[in-house]
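Engineer: Please read through the structure below; I'll follow up with questions.
Values in this text are rule-based calculations from the coordinates and carry no lab data. Note that the structure is a prediction, hence the values are computed from the model and not measured. All Cβ positions, even for glycine, are placed from backbone atoms using ideal geometry, and neighbour counts span all protein chains on display.
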Amino acid sequence: MMSLPATIRINEVGPRDGLQNEKSIVSTNDKVAFIDLLSQTGVAEIEVSSFVSPKWVPQLSDADEVFSKITRREGIIYSALVPNLRGLERALNANVDKVSIFASASETFSRKNINATIDESIDRFRPLVEEAKKAALPIRGYISCVVACPYEGPVDPGAVRDLAERLLDLGVDEIDLGETIGVAVPTDIEMLYDEFEGLLEPSQTTLHLHNTRGTALACAYRALQLGVTRFDASCAGLGGCPYAPGAAGNLATEDLVYLCDQMNCMSGVELEKLFKAGRHIALALGRKMTGRVFSADGADTASGSS
Ligand code: HMG
Ligand code: MG
């Protein structure tokens, strides 16, 4: 039997990647309550919000206030996205634990998402990374469209590797591979990690999957077999990306936790507590959530109290 990692590490991205894509704007208090509930679950990191332009992502315009109101639990990393120096300044004021810059392996997506070519985005990130380093902040480097772009179609894994090298040269501490639109199947994940040979081991990357076509869990399993231990996932399957049409739903945290824990590849996350957080956000949004385990175990129909 192929051996799997003994443990995995989960970065909960629901409050950021999930809520940025919701049509309705969740109140600051509901976001804070959601994040506080997530802090009880055992996840290693919570991506709290984004310090981006409120004109581009109005759903997260209250990032500063959310950070000031959450109750931080020791040992958990509370991180946020920053697109430029202005975002970094806000993140520093909010006392974040880690910042994430986000680039794309596809030119068109880069323009649509951050209004910059890939080259321009690297130039924009350079001073940001320098300043973050001065402040001793860890820096994640996201790469979007690692398998396909919603505008350009399939993306060459070589382009993903090139961008990873450029981000590492800038000085990011970690690379997070974003399968932005949820088209990947396990062989895509294999090809991607094959391409990274000699640059980064699978265990040195984080994998960020979307479940648009129901293949995220299959990809996660293949990634586990290859040695990936760090995953982004989203409570109850919240998620998407406003600049990636059709990118509905991140890999649900409950689904990943269930899969891994059942295979003795321990997540350290308590499902019941995740359900509680999921119920809270489902009520705030007033809609059914897509996470399979969340629905199958009746978390979505339980009393509704959070
Ligand atoms: P721009 O319009 O080219 O830049 O946006 P700008 O400098 O002209 O700024 C526009 C306005 O926003 C100005 O306001 C700025 O002051 C303001 P105005 O003068 O018109 O009143 N502004 C800001 N306000 C607050 N905080 C800031 C900030 N920056 C500018 N940091 C920009 C360029 C990068 C700002 C914009 O494109 C942007 O914010 N983009 C972010 C979009 C986004 O968040 N997308 C989703 C995240 S990425 C993702 O989902 C993928 C991922 O999940 C992985 C995967 O799935 O692949 C990570
Ligand atoms: Mg995403």
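Engineer: For Lys273, which lysines qualify as cross-link partners when the Cα separation must be under 21 Å and same-chain residues fewer than eight apart are set aside?
Structural biologist: Filter leaves Lys31, Lys69, Lys288.
Engineer: Return P(r) of the chain (all Cα-Cα pairs; 10 Å bins starting at 0; whole %; ordered from short to long distances).
Structural biologist: 6, 31, 39, 21, 3, 0
Engineer: Based on DSSP H runs of at least 4 residues, each adding -39500 (n - 2.57), what is the mean residue ellipticity at 222 nm of the chain after dividing by all its residues, to the nearest 500 deg cm²/dmol?
Structural biologist: Roughly -11500 deg cm²/dmol at 222 nm, from the helical runs in the chain.
Engineer: Sticking with this one: Reachable lysines from Lys134, Cα under 20 Å, same-chain residues fewer than 8 places away excluded?
Structural biologist: Lys98
Engineer: Stokes-Einstein diffusion coefficient for segment 164-226 at 25 °C in a medium of 0.890 mPa s, Rh from the Kirkwood formula over Cα pairs: what value in µm²/s?
Structural biologist: For the chosen part, D equals 202 µm²/s.
Engineer: OK, next. Rank Ser267, Gly278, Cys235 by how far each Cα sits towards the positive end of the charge dipole of segment 182-280 (+1 on Lys, Arg Cβ; -1 on Asp, Glu Cβ) and give me just the farthest.
Structural biologist: Comparing the listed Cα positions along the dipole, Gly278 ranks first.
Engineer: Something else about it: Please name which of Pro5, Leu170, Thr290 has its Cα lying farthest along the dipole of the chain towards the positive end, using unit charges on Cβ (Lys, Arg +1; Asp, Glu -1) and the Cα centre as origin.
Structural biologist: Value: Thr290.
Engineer: Would you please classify the overall shape of segment 180-283 from the alpha carbon gyration tensor, given that a ≥ b ≥ c denote the square roots of the eigenvalues, rounded means a/c under 1.5, and beyond that prolate means a/b larger than b/c while oblate covers the rest? Could the numbers behind the result be given before it?
Structural biologist: Values: a/c = 2.25, a/b = 1.31, b/c = 1.72.
Verdict is oblate for segment 180-283.
Engineer: Compute the normalised compactness of segment 132-175: alpha-carbon radius of gyration over 2.2 N^0.38 Å, N being the residue count.
Structural biologist: So the Cα radius of gyration is 1.36 times the expected 2.2 N^0.38 Å.
Engineer: Over segment 9-298, what is the mean sequence separation of C-alpha contacts under 8 Å (at least six apart), divided by residue count, expressed as relative contact order in percent?
Structural biologist: 20
Engineer: Continuing with the same structure: Could you pull out the trypsin sites (Lys or Arg not before Pro) across segment 1-89 that fall in loop regions by DSSP (anything but H, G, I, E, B) with no more than 11 other Cβ atoms inside 10 Å? Write down the numbers at each step before the final one.
Structural biologist: On the way: sites: Arg9, Arg16, Lys23, Lys31, Lys55, Lys69, Arg72, Arg73, Arg86; in loops: Lys23, Lys55, Arg72, Arg73.
Taking segment 1-89 and a limit of 11 other Cβ atoms within 10 Å, the loop trypsin sites (Lys or Arg not before Pro) found are Lys23, Lys55.
Engineer: Also: Please state the charge dipole magnitude for the chain, taken about the Cα centre, from unit charges on C-beta atoms (+1 on K and R, -1 on D and E), reported in debye and rounded to the nearest 20.
Structural biologist: That gives the chain a dipole magnitude of about 900 debye.
Engineer: Counting only Cα, what are the radius of gyration and maximum Cα-Cα distance Dmax of segment 62-162, in Å?
Structural biologist: Gyration radius and largest Cα-Cα distance of segment 62-162: 15.0, 42 Å.
Engineer: Compute the distance in nm between two label points, each set 7 Å from the Cα along the Cα-to-Cβ direction, one at Glu197 and one at Lys133.
Structural biologist: Once both label points are built, they end up 3.1 nm from each other.
Engineer: Follow-up. Tell me, what does the Kirkwood hydrodynamic radius of segment 1-57 come to in angstroms if you use every pair of distinct C-alpha atoms?
Structural biologist: Over segment 1-57, the inverse of the mean reciprocal pair distance is 13.1 Å.
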